[in-house]
Amino acid sequence: MKTLLASAIAATLLLAAPALAMSEADCKAEFTKADANKDGALTNTETSRYATAMQIAGKAMPADGRMTEAVFLENCKADVFMTQKAEAAKQPDAVQKTDVGAPLKGANSFTETQAKDRAVAAGFADVSGLKKDDDGIWRGTASKNGKSGNVAIDFKGNVVSN
């Protein structure tokens, strides 16, 4: 009976664990892609979205402002950058967990700066013109992969574009 109960508890814990955390190989590939100047560390514009994701997660950037591969991998494998394999398969540059139906209506307590931070952490640049609409959704414009468009950030931190 104890064995059966222990097996049931273990199965429940396995099912509850996040299945979409990135593997070390996935994280290394992401780092290689982000390290545009190939100097072995992310700095300035290379680290923008990752540094913002760390800030949102309450993690401190290294004091020298350089994110080494080791620091990147540690945070990537801990899912600080919120990358999901399933989302990445659909959109290779996606870094934001997105709820079905997002953006979701609801009371949004994010400030404009916090909403912008979520968009930057999701890989968007040039985020501007954010205004909160009557549904509690921050809407504005941004660019990603050289393409400009609309961006929306809901009360749960979902970032979507169209």
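No lab work stands behind these numbers, since they all come straight from the coordinates. What you see is a predicted model; the values in this text were computed from it and never measured. Methodologically, a virtual Cβ is constructed for each residue, glycine included, from the backbone with ideal geometry; neighbour enumeration extends over all protein chains shown.
Here are the numbers for the structure shown:
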| read-out | value |
| --- | --- |
| Across 77/131; 77/144; 33/131, pairs whose alpha-carbon gap is larger than 29 Å | 77/131; 33/131 |
| Gain upon complete extension [residue 78, residue 23; 0.36 nm per residue less C-alpha separation] | 18.8 nm |
| Highest average packing first - 120-133, 58-71, Cβ atoms within 10 Å | 120-133, 58-71 |
| Relative contact order computed over segment 98-148 (Cα-Cα under 8 Å; 6+ residues apart), in percent | 33 |
| R0 of 35 Å, Cβ-Cβ distance residue 44-residue 100: FRET efficiency to nearest 0.05 | 0.50 |
